[in-house]
Amino acid sequence: MKNEKIKEAKKEYDNVIKNERELYIAELREKYVLEMNSKYSDGYIDGEEKGRQGASQEFAKKLKNKGYDVEEIEELTGLTKTEIENL
């Protein structure tokens, strides 16, 4: 009888430990996924902004080559006067 209770308690203890390990692993996995998503999201946003900036610069170059005034190019592209002059 005493051995059965000890075996039962040991089995319950093992289940608790197993569940705690599984919970810990799940938490680590979730943390990893959130961190990776954040990194990829930040990188995507940075890349998207750089792409837009590059497209604006290319458009501004074309406008400049066609003889548009700097003020008009500023208005159409959102670039600054200095950025346009440096193209």
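Limited to segment 59-84, what total is found for residues that are in a loop (DSSP other than H, G, I, E, B) and not polar (S, T, N, Q)? Steps first, please.
Initial filter on segment 59-84 (in a loop (DSSP other than H, G, I, E, B)): 66-69, 78-80.
The next check asks that each one be not polar (S, T, N, Q); those that pass are 66-69, 78-79.
Counting residues in segment 59-84 that are in a loop (DSSP other than H, G, I, E, B) and not polar (S, T, N, Q) gives 6.
Would you mind stating whether LEU87 is outside any helix (DSSP H, G or I) and not charged (D, E, K, R)? Reasoning before the result, please.
Numbers: outside any helix (DSSP H, G or I): yes; not charged (D, E, K, R): yes.
Answer is yes for this residue.
A quick yes/no check of all residues on (1) within 30 Å of LEU76 (Cβ to Cβ); (2) at pLDDT below 80; (3) loosely packed, with under 10 Cβ neighbours inside 10 Å:
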position: LYS2; (1), (2), (3): no, yes, yes
position: LYS5; (1), (2), (3): no, yes, yes
position: GLY43; (1), (2), (3): yes, yes, no
position: GLU48; (1), (2), (3): yes, yes, no
position: GLN53; (1), (2), (3): yes, no, no
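The values are calculated or read from the model by the stated rules, or taken from the named source; none is laboratory data. Please read all numbers here as calculations on a predicted model, not as lab measurements. In this analysis, Cβ positions are derived from the backbone assuming ideal geometry, glycine residues included, and neighbour counts consider all displayed protein chains.
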